[in-house]
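This report refers to the structure that appears directly beneath it.
The values are calculated or read from the model by the stated rules, or taken from the named source; none is laboratory data. Everything numeric in this text was worked out from a predicted model, so none of it was measured. Note that we place each Cβ from the backbone using ideal geometry, even for glycine, and neighbour counts take in every protein chain shown.
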Amino acid sequence: MKGAGFASSNDALPALLSDGDLYPIVFEMLVNHFPATTDNTNFINFWILDENTKYSKQIGDEMLKKLFALSPAVDYLVWLCPKSFIPIEYVTNTFKEIKLQLSENDKKETIGKLMNCKALYVHRSKFLPKLLVRDAKVEDNDDLIPILRNSNNPNILNHQNEYFLSDLIDSQDNYNRFYVGLNHTTIVGMLATSEDVNVPLITKIFQIDQFNDIIMEKTERELPPPLFIAIVGDIRLLDLHSTNTLCTNMNCVFVNAEVANINNQNNNESKVDEDDTINQQQSSI
């Protein structure tokens, strides 16, 4: 199959703006146009799309969907490209161009690098919007049936009455839950969860060998052998919290020898006093 497109993005500036001093300056300019932060913004560092194929729009849309899907926290993709770059029709229709406004305080060499660039950006809502998720309600039935009918498994509605989802939603409990996803106020999907899963039946009916992580067996962690650690020196220099955490992870008991010795001496002194008292009582008798 012939490749028709490729794209990649990350949270760093592209190679033509690799100067670290430019990073905060670029964000100062971006916030004049949209609420860009280091958490919600990634930069496209490579983009190629064959505009001669009749599926260029579908391919471009899928690439952007994938970029947003791989970074769930990212809302904006910014493309800092050379000013001489002439975008193809898909880029012009998809990305918005913004002017980079530089302040007078920026260094001359910084201005020179950025003045040779132009910024294009796109928001995730156009391709992979974030959904509001809430508990499903019985009255959601009429909105969910068309979604199931248009899904890639429409046979799921065979031999079902038109209110079977209402019955399922109405019967949910702490172990079986139903959720719906909304794009603004429109229901666009449903998620059903259950803690009552018949694993042997699933493995018998379905071929799941290619999904290595769909079923994970719980393995009991073997306890390590007893370990004795001797610490020599001033114990006050120890980070006791870290020491206790280490002992817990290694199945050890932390014993302060100095404190243990003092307690042992106190116990011995108490035993001597008790023996003297008993002897005095016997002498009196």
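Quick rundown of the values:
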read-out: Identity of the residue in region 72-87, within 15 Å of residue 126 (Cα to Cα) and of a type outside the set (Val, Ile, Thr), that ends up modelled with the lowest pLDDT; value: 72
read-out: Pairs with Cβ under 6 Å, 6+ apart, first in region 200-223 and within 30 Å of residue 250 (Cβ to Cβ), second surrounded by 10 or more Cβ atoms within 10 Å (Cβ to Cβ); value: 223/251
read-out: Selection status of residue 75, surrounded by 18 or more Cβ atoms within 10 Å (Cβ to Cβ) and either under 29 Å from the mean Cα position of the chain (by Cα) or of a type in the set (A, V, I, L, M, F, W, C) (or both); value: yes
read-out: Of the criteria (1) assigned to a helix (DSSP H, G or I); (2) at pLDDT below 90, which one residue 100 fails; value: (1)
read-out: Residue ID - nearest to residue 134 (Cα to Cα), chosen from residues in region 167-207 that are of a type in the set (A, V, I, L, M) and surrounded by fewer than 12 Cβ atoms within 10 Å (Cβ to Cβ); value: 191
read-out: Residue check, residue 87 out of contact with any strand residue (DSSP E or B) (no Cβ under 7 Å at 6 or more places or on another chain), assigned to a loop (DSSP other than H, G, I, E, B) and more than 26 Å from residue 116 (Cβ to Cβ); value: no
read-out: Residues that are touching a residue at least 40 places away in the same chain (Cβ under 8 Å), more than 14 Å from residue 90 (Cβ to Cβ) and assigned to a loop (DSSP other than H, G, I, E, B), drawn from region 28-54; value: 32, 33, 34, 36
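Table: residues versus (1) part of a loop (DSSP other than H, G, I, E, B); (2) touching a residue at least 12 places away in the same chain (Cβ under 8 Å); (3) under 29 Å from residue 124 (Cβ atoms); (4) not hydroxyl-bearing (Ser, Thr, Tyr).
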{"position": "140", "(1), (2), (3), (4)": "no, yes, yes, yes"}
{"position": "143", "(1), (2), (3), (4)": "no, yes, yes, yes"}
{"position": "151", "(1), (2), (3), (4)": "yes, no, yes, no"}
{"position": "160", "(1), (2), (3), (4)": "yes, no, no, yes"}
{"position": "168", "(1), (2), (3), (4)": "no, yes, no, yes"}
{"position": "172", "(1), (2), (3), (4)": "yes, yes, no, yes"}
{"position": "178", "(1), (2), (3), (4)": "no, yes, yes, yes"}
{"position": "181", "(1), (2), (3), (4)": "no, yes, yes, yes"}
{"position": "187", "(1), (2), (3), (4)": "no, yes, yes, yes"}
